[in-house]
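Input: a single structure, listed below in C-alpha cells.
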Amino acid sequence: MKKHLIGRPVPRKEGRAKVTGQARYVDDLVFPGMLYGATVRSRVPRGRIKGISFGEGIPWHEFTIVTAKDIPGENYVALIAHDQPYLADGAVNHSEEPVVLLAHPEKYLLEEARRAVQLEIEALRPTFTIEDSLNKKEIIWGEDNLFKSYSVEKGNVDEVWARADFIVEGEYRTGAQEQLYIETNGMIAVAIPEKGVTVWGSMQCPYYVHKALMALFGLPADKVRVIQSETGGGFGGKEEYPSMIAGHAALLAWKSGKPVKIIYDRAEDMAATTKRHPSRTRHRTAVSKDGKLLGMEIDFVIDGGAYTTLSPVVLSRGTIHAPGPYFCPNVRIRSRAVATNAPPHGAFRGFGAPQSIFALERHLNRVARAIGLTPEEFRRRNFIQPGQTTATGQVIRENVNMNHLLERALVLSDYHAKTARFARENSGQRRKKGMGFASFMHGAGFTGSGEQYLASVVELEATPQGRVRVLAASTEIGQGTNTIFSQIAADALGLDYDSIEILKPDTASVPNSGPTVASRTCMVVGKLVEAAALGLQQTLVGSGYLPEGYTPAGFERACKRYIESHGPLKSSSQYQPPPGIHWDDATYYGDAYGTYAWAVYVAEVTVDTVTFEIEVNDFVAVQEVGKVIHPVLAAGQIEGGVAQAIGYALYENVVWNEGRMFNSQMTNYIMPTAVDVPPIRVFFEELPYSYGPAGAKGLGELPMDGAAPAIVNAIENATGVSIHHIPVMPESLMEALAVTEKAVERA
Amino acid sequence: MRSYVPAYELRAPQSLEAALELLEREPDVWRPLAGGTDLMVLFEAGKLTHRKFLSIWKLSELKGVEVTPEHVTLGALTTYTQVQAHAVLQREFPLLCQAARETGGIATQNRGTLAGNIVNGSPAADSPPALLVYDAQIELVSARGSRWVPYQGFHTGYKTMVLRPEEIIRRIRLPRTKQGWRQYYRKVGTRKAQAISKVCFAGSAQMQHNTIRDIRMALGSVAPIVLRCARTEAALRSQKVSAGAFAAAKEVLAQEITPIDDMRSTAAYRLRVAQNLLEEFLLQLQNNGGDESHRGLAAAES
C-alpha cells in the first residue's frame, strides 16, 4: 500500500473540463421552455411601499410577475435571524431591495420591462454611517440598531492604565470590498407545487440554500433539492446570497410552471450582492517601558447593512482576531455589528479578521514608535508562546514560533538592508521606497462551538470496480476541493488518484458536510474524508477481504467480493471535536478555534510623490499552515489572497451614493491587474496538526489578513506618514502628506 | 446585456460616399460607429440612448497612414495598435504612440480609433493631449465637400464640438515641425493599465540653451474638454528654466484648468497632480533629458 499523493502537485481533478470548456456553469444550462427572470429593486434606501405600477408599451400579459403576496411559505431568507425578506412587503430598508420579480422567455424584453415597473415609495430618513447608527440618529433595526454585540474580558484591564509607562490610542477604518468572482451569481429553478423545488446554480453552500427554500415554500426536506453547477469563484460572496437568487428563481418557476433562470450581470452583482463589512476599530493600549503589552482595550464595530445575514458570525471572527498573535494579560474587547441602510454586507475571505487585524497591525507600529522600539523588536517581545493564553483564555498547545516566522520573513525580504538603504536614499527623491510587515494568525474552521453545531458528515462509497466516490456537500469553487479530497482519500486507501471520484454536490445524494467557508474544507471536511476512507478500509480488512499490504488490484477484488456478499460498501464519518476543546458561548470564553495558521508578510512599496501613486514592488509571505496537501494549489491560494488584499489596501474603493454602490462596473471599481501586482514569494512552514488530514490546517483566508497592514506600514516607512484607513487612494495619501508637511513647517 | 436589441438599427454603407449621403439626407438620425469601444460599453449597460447607427468600420477611404515631407496624415480609423506600430510615428510623435499604448487593453487598442477617441468627446481621452501638442489638424468631410480645421478649438464644451451632424472626420494631419523638441507624456490613471485617466499631461518644448523658445502643453481630465494650456505656455515661452519660472507657471496653470470631483478622483488631487506633472516636465527640460529610468519620461529627441 503506497502513500504518495499528499504534498504533490497532481493535476486538478476538474482541470481538463475547465480548460477544454466542457465544464458547465449555470449560464451554460438551458432547459426546454425556460424563462428568464429579473429583479425590480427598491432604489430608495429606506421607505414604505405605497404602490407598484406597470408602465405602458410592455406586453405585461406575457410576463410572470411575482410580489411578496405570491410567497407560499415564509417571506424571509432563513439563515441566522429571520429579518431579511425575499421580497419587500411594505417596508424597504436598502436601495437594492428586491420588490418585484419578472419572468419572460425573451431576456432583452425583460430588461425593458424591468425599467417600466414603477415603485411608489414614501421615503424615510436613512442611516448610512457607523456613527449615525451607533448614535441612534434613527432607529432603523430592532430597538437599538445592533445586530449583535460581544464582550471579551481577560484579566483586569481597568487596573493597567495607572501603572502603564505608555498609553497609545488610535482609530482605524476599513472600507467595503467586492468579491469579484469571475462568474457572477446565477440560478435555475424548476418548481412544481405537487412535486417540490429543484435549483441548479453557482454556490458555496448547498445546504444553506436547501434550508432557505424549505422555509420559503413551506416544504419538507425531501421536496427541496439543490444542485451545485460548476462554480467560478466565491470568496464568501456565494455563501448566503445564492439563497436569495434561488428563492427568486423558484418563486417565478412556481408561479409560471416553467423553468426559470436568473443570471446577474456584473453591475447587478456588484451593486446588489454582499460585500465585505466596512469597519471602525479603536485601540487603547498600555505598555511597559521594557516593551511588554500590559493591557489592550479594543472597540470593534462593523457595518452590517440593512439585515442581519451573517454579521453576528463575521463580528465574532473579527472580535477574536482583534488582539492578534500576541500575549497580553489584560484584554477587553467590545464589538458591535450595526445596521445601516446599505445592502447587507456579508462573507468575504477573512470574514471580519482582515478588518480587525488591519487595525491592530497598524496600531502596533504606532505603539512601537511611541516607546522607541522597532516594529519587529516590539513584536518579538510580545508574540504569544506555547502555553500562554489568548484573549478568550485559549491555551496555545501547539509549537507556535512566531519569532522564527518573523526572522525568516525579514531575511527573505532583505528587510534590514533595504530599510537602511531606503532611509539613506529616500531624501530628495520623488519616488520614495519603504518596507513594512504584519504578523497575524487565522483560526481554521467555524468559530467556538460552530463545528459541533454543524456536526458535518462525509460519506465514501466503493464500487465493485474498486473505485471510491466521495459524497460531500463541500463545493469546488476554483480553490481545489475535488483535488485535495481525492489526494486525501487515495492516500488513506493506498489507491491511485484516478480511482477517486468526487460526486457533484446535490442535496438529494450527498450528506451535509457543512458550508464551504471558514478555511474548513481541507482541515475539517478533509479530515472526515480521511476518516471515512480509513473506515472503508477497516470494513474490508475486518470482513477478511483485504489483506495487509494490498495492491489497487487487491482492493478492487475486495470491493467486488464485499459488495457481492453484503451489498453497498459505504463508510461515513461525522465531525468530533478534538479532545480538550471547550467553548462557552455565553461568556465567550475558551478554545475559539481548534487551531490557527500563523504568518508574517512583508511588503516593499514605492510611493511616487508626483502623483501619489503607490506600487507594491515585492511581497514575501511566510506562513505555518500544517502539512501542505497540494503545493501549487496552496501557493495559489496565498498568491490570490495577497493580490486580493493588495486591492483591498490600495485600489478597491466602493463609492457610495445614498447607500448605493455608485461604481458598480469594473471600469470604475478598480481592482489590481497583473501589472499592479508584484512577484508574490510564498514560503510554507509545516508543523503537522494532529486533527487535520495528514496534518493539514486551513489556509484559504489567511492571506487576506496581513497584506493590507504590511503595505500601509511600508507606506509609513517610505513617507513618514501614518495612515489609519484603507483603501489608501492616491487622493487620500496626498491629503495625509499635506497634513504632515504642514506639521513639519510649523515645527 | 441591458439594452433591448430590437430597438436598435445599424446600417453599414459600402462606401464613404454612400455613408455621407445618408448623413446628408437624415442628419442627426444616423450616428457613425467606428471601433465601438465606447458605444458597446453603453450598449451593454442599457445606457445607449441613440438608436440608429451607421457603421463606418469597413470604409477603406478612412484608413491608412500617409507620410509626406511636411506631414504624417492618419486615416480616421487608424487604431491604437496601428499608431504604436508605425515607424515614423514612433520616431517623431512618441507622445501619440505612448498615449495609444496606455489606452485600454489590447482588444480596445485593436478596435479603438483616433477619430473615435476625438468625437467621443471625453475630457479624459488619452490621445487628444498628444494631438494638441503636435498642432494636429483634422479634415471634416460631408457630401458637400471637406474642410480642414485645427484640432485646437475643435471641442467647444463637454461633449460638444464643431463637427456638424452631416460630417465625419476623414483624416488627422500632424505637421512634422517638432523635430528636436523635448517631449513628455504622463497618464495618471486609476491603476497601471486598463484605466481611465485622472490626469493626463502631454508637453513638448523647443529649447535653446536654457531658454524655452516655444512650448506646447495639453491636459486631459482637468476641464470639460481636453485642454491646450495656452496661458501657461505663454507664461513659459522665452523664459529661462528656473525655480521662479516653474512656480509662476504652476500658478497660471491653476488658474487655467477647472478640475472637478467625480467617481474617479477629486478636484484637489487633479490640480495638485497637474501642477506636479508640469514641474516634472519642466525639471526634465532643465535636466537636459533627466532621469531616463522614470516611466513618465517618454523623452525622444529626433
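The values are calculated or read from the model by the stated rules, or taken from the named source; none is laboratory data. Everything numeric here is computed off the predicted structure, so don't read it as measured data. As a convention, Cβ positions derive from the backbone with ideal geometry for all residues, glycine included, and neighbour counts pool all protein chains shown.
Odds and ends about this structure:
- In the set (1) more than 19 Å from A:Thr127 (Cβ to Cβ); (2) among the aliphatic types (A, V, I, L, M); (3) in contact with a strand residue (DSSP E or B) (Cβ under 6 Å, 6 or more places away or on another chain), A:Ile320 fails one condition alone, (3).
- Of the residues A:Val602, A:Val524, the single one that is buried (at least 21 other Cβ atoms within 10 Å of the Cβ) and in a strand (DSSP E or B) is A:Val602.
- Scanning the range A:679-721 for residues that are over 19 Å from A:Gln487 (Cα atoms), in contact with a helix residue (DSSP H, G or I) (Cβ under 8 Å, 6 or more places away or on another chain) and not hydrophobic (A, V, I, L, M, F, W, C) yields A:Arg681, A:Glu685, A:Glu701, A:Pro703, A:Asp705, A:Gly706, A:Pro709, A:Asn713, A:Glu716, A:Asn717, A:Thr719, A:Gly720.
- Number of positions in the range A:336-388 that are assigned to a helix (DSSP H, G or I) and farther than 30 Å from A:Ala81 by Cβ: 17
- Of all residues in the range B:1-10, exactly one satisfies the criterion of being charged (D, E, K, R) and either touching a helix residue (DSSP H, G or I) at 6+ places or on another chain (Cβ under 7 Å) or not assigned by TED's automatic domain parsing to the domain that holds B:Val41 (or both), namely B:Arg2.
- Pairs linking a residue in the range A:578-596 that is in the same structural domain as A:Gly695 (by TED's automatic domain parsing) to a residue that is among the basic types (Lys, Arg), with Cβ atoms under 6 Å and 6 or more positions apart or on different chains, are A:Thr595/A:Lys697.
- Per this entry, A:Gly554 is not counted among residues that are surrounded by fewer than 24 Cβ atoms within 10 Å (Cβ to Cβ), over 30 Å from A:Ser229 (Cβ atoms), over 32 Å from the mean Cα position of the chain (by Cα) and modelled with pLDDT under 95.
- Residue tally, condition within 30 Å of A:Ala649 (Cβ to Cβ) and either away from every other protein chain (no Cβ under 14 Å) or of a type outside the set (Val, Ile, Thr) (or both), over the range B:182-221: 16
- Total residues in the range A:260-274, condition part of a loop (DSSP other than H, G, I, E, B) and either under 18 Å from the mean Cα position of the chain (by Cα) or among the polar types (S, T, N, Q) (or both): 2
- Options A:Ala489, A:Ala420: the member that is assigned by TED's automatic domain parsing to the domain that holds A:Gly554, part of a helix (DSSP H, G or I) and more than 18 Å from the chain's Cα centre (by Cα): A:Ala489
- Looking across the range B:7-31 at every residue that is closer than 30 Å to A:Leu110 by Cβ and more than 14 Å from every other protein chain (Cβ to nearest Cβ), the one that is surrounded by the most Cβ atoms within 10 Å (Cβ to Cβ) is identified as B:Trp30.
- Out of A:Gly626, A:Gly692, A:Gly647, A:Gly698, sole residue that is crowded, with 20+ Cβ neighbours inside 10 Å, in contact (Cβ under 8 Å) with a residue 12 or more places away in the chain and closer than 18 Å to A:Glu178 by Cα: A:Gly647
- Here A:Val602 meets each of (1) within 28 Å of A:Glu361 (Cβ to Cβ); (2) out of contact with any Ser or Thr (no Cβ under 6 Å at 6 or more places or on another chain) with one exception, condition (2).
- Residue that is nearest to B:Pro165 (Cα to Cα), among those in the range B:39-65 that are surrounded by fewer than 21 Cβ atoms within 10 Å (Cβ to Cβ) and under 19 Å from the mean Cα position of the chain (by Cα): B:Leu39
- Check on B:Gln179, surrounded by fewer than 24 Cβ atoms within 10 Å (Cβ to Cβ) and at pLDDT below 95: yes
- Residue list for the range B:211-229, restricted to those being touching a Ser or Thr at 6+ places or on another chain (Cβ under 8 Å) and either over 15 Å from B:Val133 (Cα atoms) or part of a strand (DSSP E or B) (or both): B:Thr211, B:Ile212, B:Arg213, B:Ile215, B:Arg216, B:Met217, B:Gly220, B:Ser221, B:Val222, B:Ala223, B:Pro224
- Each residue in the range A:650-670 was checked for being within 8 Å of chain B (Cβ to nearest Cβ) and either among the aliphatic types (A, V, I, L, M) or free of Cβ contacts under 8 Å to residues at least 40 places away in the same chain (or both), and 6 pass.
Matching residues to (1) without any contact (Cβ under 8 Å) to a residue 40 or more places away in the chain; (2) crowded, with 17+ Cβ neighbours inside 10 Å; (3) outside any loop (DSSP other than H, G, I, E, B):
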site	(1), (2), (3)
B:Lys198	no, yes, yes
B:Ser204	no, yes, yes
B:Arg231	yes, no, yes
B:Ile260	yes, no, no
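- Every condition in (1) of a type in the set (A, V, I, L, M); (2) more than 17 Å from the chain's Cα centre (by Cα); (3) under 22 Å from A:Val654 (Cβ atoms) is met by A:Val313 except one, and the failing one is (2).
- Residues considered: A:Arg282, A:Arg266, A:Arg317. Of these, the only one that is modelled with pLDDT of 95 or more, under 19 Å from A:Tyr172 (Cα atoms) and surrounded by fewer than 24 Cβ atoms within 10 Å (Cβ to Cβ) is A:Arg282.
- Residues of the range A:93-107 include at least one that is within 12 Å of chain B (Cβ to nearest Cβ), surrounded by fewer than 17 Cβ atoms within 10 Å (Cβ to Cβ) and not in a helix (DSSP H, G or I).
- Here A:Asp618 fulfils each of the conditions (1) more than 14 Å from every other protein chain (Cβ to nearest Cβ); (2) under 20 Å from the mean Cα position of the chain (by Cα); (3) charged (D, E, K, R) apart from (2).
- Pairs, first facing chain A (nearest Cβ under 7 Å) and within 26 Å of A:Val655 (Cα to Cα) in the range B:263-281, second of a type in the set (Phe, Trp, Tyr) and surrounded by fewer than 23 Cβ atoms within 10 Å (Cβ to Cβ), C-beta under 8 Å, six or more apart: B:Met263/A:Phe662
- Test for A:Arg43: is it surrounded by 14 or more Cβ atoms within 10 Å (Cβ to Cβ) and under 23 Å from A:Thr64 (Cβ atoms): yes
- Residues being touching a His at 6+ places or on another chain (Cβ under 9 Å), part of a strand (DSSP E or B) and farther than 21 Å from A:Asp158 by Cα - total across the range A:279-312: 2
- Candidate set: the range A:527-541, residues that are of a type in the set (Val, Ile, Thr) and touching a helix residue (DSSP H, G or I) at 6+ places or on another chain (Cβ under 8 Å); chosen: the one surrounded by the fewest Cβ atoms within 10 Å (Cβ to Cβ): A:Thr539
- Selection status of A:Ala250, in the same structural domain as A:His82 (by TED's automatic domain parsing) and over 23 Å from the mean Cα position of the chain (by Cα): yes
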